[in-house]
Every structure is written in structure tokens, then in C-alpha cells.
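Trainee: Sending over a structure as C-alpha cells; questions will come in a sec.
The values are calculated or read from the model by the stated rules, or taken from the named source; none is laboratory data. Since the model is a prediction, treat every value here as computed from it, not as a measurement. Glycine gets a Cβ as well: all are built from the backbone with ideal geometry, and neighbour counts include every protein chain shown.
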Amino acid sequence: MLEIIDAKPLLRNTASAERHGYAPRPDDRPLTKFENRGAKLGHGVWDTVFKRI
């Protein structure tokens, strides 16, 4: 998904390169039931944040 969205010329990824293109979870976004379940099962959870330019 990240590779496809990165290829869009009108979108800019706001995450730093040191995070491999993924953004930290925004503080204002509540933890979802799906995300909580995945974390409990040991799955990774990643956020993407893009801005239109």
C-alpha cells in the first residue's frame, strides 16, 4: 500500500525516512478494537499520513 500511494505525484508522505515511511500513531486517534486485538496477537500496526500537494 505504501509503495502505491508513494507513487502518486499529488501526495506527499509526512513520515520521516528513519521510520521507513510510516508515521507514529496520532495522539488524537483512539485505539481501535481491531488495532488493540492485533497488538495483543503480536502483529505490527502502522499508520500512513499523506498530504495533498
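Trainee: Determine whether residue 44 is without any contact (Cβ under 8 Å) to a residue 40 or more places away in the chain and on the phi > 0 side of the Ramachandran plot. Give the steps one after another, and end with the answer.
Mentor: On the way: without any contact (Cβ under 8 Å) to a residue 40 or more places away in the chain: yes; on the phi > 0 side of the Ramachandran plot: no.
Answer is no for this residue.
Trainee: If I filter the stretch 44-52 for residues that are within 11 Å of the chain's Cα centre (by Cα) and acidic (Asp, Glu), do I get at least one hit?
Mentor: Yes, the conditions are met somewhere in the stretch 44-52.
Trainee: Report yes if some residue within the stretch 36-50 is touching a strand residue (DSSP E or B) at 6+ places or on another chain (Cβ under 7 Å) and part of a loop (DSSP other than H, G, I, E, B); otherwise report no.
Mentor: We begin by selecting, within the stretch 36-50, every residue touching a strand residue (DSSP E or B) at 6+ places or on another chain (Cβ under 7 Å); these are 47-50.
Narrowing further to those that are part of a loop (DSSP other than H, G, I, E, B): 48-49.
Yes, the conditions are met somewhere in the stretch 36-50.
Trainee: Another question, if that's okay. Within the stretch 22-35, is even one residue more than 13 Å from the chain's Cα centre (by Cα) and assigned to a helix (DSSP H, G or I)?
Mentor: Looking through the stretch 22-35, at least one residue is more than 13 Å from the chain's Cα centre (by Cα) and assigned to a helix (DSSP H, G or I).
Trainee: Among the residues of the stretch 3-28 satisfying the criterion of being in contact with a strand residue (DSSP E or B) (Cβ under 9 Å, 6 or more places away or on another chain) and either modelled with pLDDT under 90 or aromatic (Phe, Trp, Tyr) (or both), which is surrounded by the fewest Cβ atoms within 10 Å (Cβ to Cβ)? Quick ask: steps written out before the conclusion?
Mentor: Taking the stretch 3-28 and keeping what is in contact with a strand residue (DSSP E or B) (Cβ under 9 Å, 6 or more places away or on another chain), we get 5-6, 8, 10-16, 21-26.
Filter once more, so that each one left must be either modelled with pLDDT under 90 or aromatic (Phe, Trp, Tyr) (or both): 16, 22, 24-26.
Details: 16: 11, 22: 16, 24: 11, 25: 12, 26: 9.
So the residue we want is 26.
Trainee: So which residues in the stretch 40-49 are at pLDDT 90 or above and not acidic (Asp, Glu)? Walk me through it before giving the result.
Mentor: Restricting attention to the stretch 40-49, the residues satisfying the condition of being at pLDDT 90 or above are 40-43, 47-49.
Once the filter is applied, which keeps residues that are at pLDDT 90 or above and not acidic (Asp, Glu), the stretch 40-49 yields 40, 41, 42, 43, 48, 49.
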